[in-house]
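The next block holds one structure in the form of structure tokens; read it before the comments.
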Amino acid sequence: MARVALANQRVSAHATVTAAGVYKSYRLDGEPLPVLEDVSFEIGSGEFVSFVGPSGSGKSTLLNLLAGLEEPDRGRITISGSTDRLGHAAYMPQKDLLLPWRSALDNAVLGMEVHGVPREDARHRAREMFEIAGLAGFERSLPAALSGGMRQRVAFLRTVLTPGSVMLLDEPFGALDSLTRSELQEWLMRMWERLSTTVVLVTHDVEEALLLSDRVYVMTRRPGRIKLVHEVGLPRPRSLEVLDSEEFVRSKSALLRAVRGEV
Ligand SMILES: Nc1ncnc2c1ncn2[C@@H]1O[C@H](COP(=O)(O)OP(=O)(O)OP(=O)(O)O)[C@@H](O)[C@H]1O
Ligand SMILES: [Mg+2]
């Protein structure tokens with residue numbers, strides 16, 4: 001399943017992601033709405049980290065900031081040491097944002113196209129991935145003719161096929177049934193093990209965060225602050241069997257308590 005040629009990932013030796021004292025607020029009815037407060041972290045090159053937290057705690061806002069689509073009110077964010085972040089990360093936003101006039105396959109190749117991968121080459125790579133993602137036969141379908149879960153898988157493929165040394169994933173598997181979800185989680189793990197991509201994943205699913213990550217950050221309710229940093233001690237390479245291990249069960253209950261605000 002994992003034996004697939006991937007796009008030439010632009011692997012930088014220093015694909016670090018850092019935030020230092022980040023504050024962000026929006027305005028609601030003329031009043032400031034603080035969304036993120038004093039958020040700081042350092043993600044090393046090639047690390048896989050997750051952010052979990054209640055709805056509205058600023059997780060998507062954080063990914064927008066990391067991607068460079070928005071700027072913090074205060075504080076500093078860098079990718080590979082630079083605050084100039086636009087174009088450095090492959091970003092899968094929470095909404096699938098497929099182009100409605102492009103076929104599923106042409107949506108999947110978009111990131112590669114933008115980075116100048118030759119069209120036929122890009123389409124060839126994407127076709128192989130359609131098989132893995134259970135989308136074979138739907139290459140020519142327009143997004144409107146796909147289910148929500150299928151659209152999410154197309155958006156996921158587009159992101160993992162986009163060259164880049166940092167991947168930002170916002171609830172990439174949220175709309176999927178548990179079997180498809182497990183398959184894609186495992187596939188993402190295998191792919192990440194072979195590449196030196198740095199991954200920042202936002203998820204509501206504590207199990208998903210633990211299974212995939214080196215480190216899990218738990219956010220408070222809005223305004224989001226980091227309330228807990230959990231280093232995941234599970235050995236690599238991991239498989240779904242790790243879900244039954246004692247360490248996993250213990251970590252999961254600690255994280256759930258933190259997410260629910262019990263600690
Ligand atoms: N562009 C915006 N303008 C105004 N308010 C915004 C904007 N984007 C987000 N917000 C507000 O910021 C807060 C955090 O939103 P955000 O989408 O980051 O939360 P989240 O943690 O991703 O939630 P969820 O888990 O539901 O996806 C919310 O109260 C939201 O209404
Ligand atoms: Mg969100």
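The values are calculated or read from the model by the stated rules, or taken from the named source; none is laboratory data. What you see is a predicted model, and the numbers here were worked out from it, not measured in a lab. In this analysis, Cβ positions are derived from the backbone assuming ideal geometry, glycine residues included, and neighbour counts consider all displayed protein chains. Side chains included, ligands, DNA and RNA excluded: accessible areas come from the protein's heavy atoms. Shrake-Rupley method; radii C 1.70, N 1.55, O 1.52, S 1.80 Å.
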For the residue pair ALA136 and LYS95, what label-to-label distance in nm results when each label sits 7 Å from Cα along the Cα-to-beta-carbon direction? 3.4
Using a probe of 1.4 angstrom, how much of the accessible area of the chain is carbon and sulfur, in percent? 51
Check each of the chymotrypsin sites (Phe, Trp or Tyr not before Pro) in segment 81-133 and keep only those in coil by DSSP with at most 15 other C-beta atoms within 10 angstrom; list them in order. TRP101
Taking only protein heavy atoms into account and a 1.4 Å probe, give the accessible area per residue of the chain in Å². 45
Between the alpha carbon centres of segment 53-132 and segment 222-242 the gap in Å comes to 23
So, R0 is 41 Å and r is the distance between the beta-carbons of GLU246 and ASP38; what FRET efficiency does that work out to, to 0.05? 0.75
With point charges of +1 on the Cβ of Lys and Arg and -1 on the Cβ of Asp and Glu, referenced to the Cα centre of segment 91-204, which listed residue (LEU146, THR198, VAL160) lies farthest in the positive direction of the dipole? LEU146
Rg(Cα) / (2.2 N^0.38 Å) computed for the chain, rounded to two decimals: 0.99
Extent along principal axes [Cα atoms of segment 138-239; Å; largest to smallest]: 44, 35, 27
Could you list log10 I(q)/I(0) for segment 186-263 at q = 0.13, 0.19 Å⁻¹, which the Debye formula gives when each Cα is one point scatterer? -0.40, -0.83
So if a site counts as exposed when it's one of the GluC sites (Glu not before Pro), its DSSP state isn't H, G, I, E or B, and it has at most 16 other Cβ atoms within 10 Å, what's the longest stretch of the chain without one? 140-261
Please enumerate, by chain and number, the aspartates and glutamates with C-alpha under 17 Å from the C-alpha of LYS252, excluding those fewer than 8 residues away in the same chain. ASP205, GLU207, GLU208, ASP214, GLU231, GLU241, ASP244, GLU262
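Less than 10 Å Cβ to Cβ from LEU243, Lys/Arg counted +1 and Asp/Glu -1: what total charge do the surrounding residues give?
-1
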Give the accessible area for ASP84 in Å² (nearest 10); use a 1.4 Å probe, count only protein heavy atoms, and leave out ligands, DNA and RNA. 100
For segment 32-188, with +1 on Lys and Arg beta carbons and -1 on Asp and Glu, the positive-most of ILE132, PRO32, HIS88 along the dipole: ILE132
Just tell me which lysines come within less than 16 Å, Cα to Cα, of LYS24; anything on the same chain fewer than 8 places away is out. LYS59
Can you list residues whose amide H is under 5 Å from MET219's amide H, if they're 5+ apart or on another chain and H is modeled 1.01 Å from N? VAL52, GLY53, LYS227
From highest to lowest solvent-accessible area (probe 1.4 Å; ligands, DNA and RNA excluded), VAL263, VAL35 read VAL263, VAL35
Mean separation of Cα contacts under 8 Å, 6 or more apart, over the residue count of the chain: relative contact order %: 27
Taking 30 Å as R0, compute the FRET efficiency from the Cβ-Cβ separation of LEU234 and SER178 and round it to 0.05. 0.90
Normalised contact order of segment 112-233, rounded percent, pairs of Cα under 8 Å and 6 or more residues apart: 18
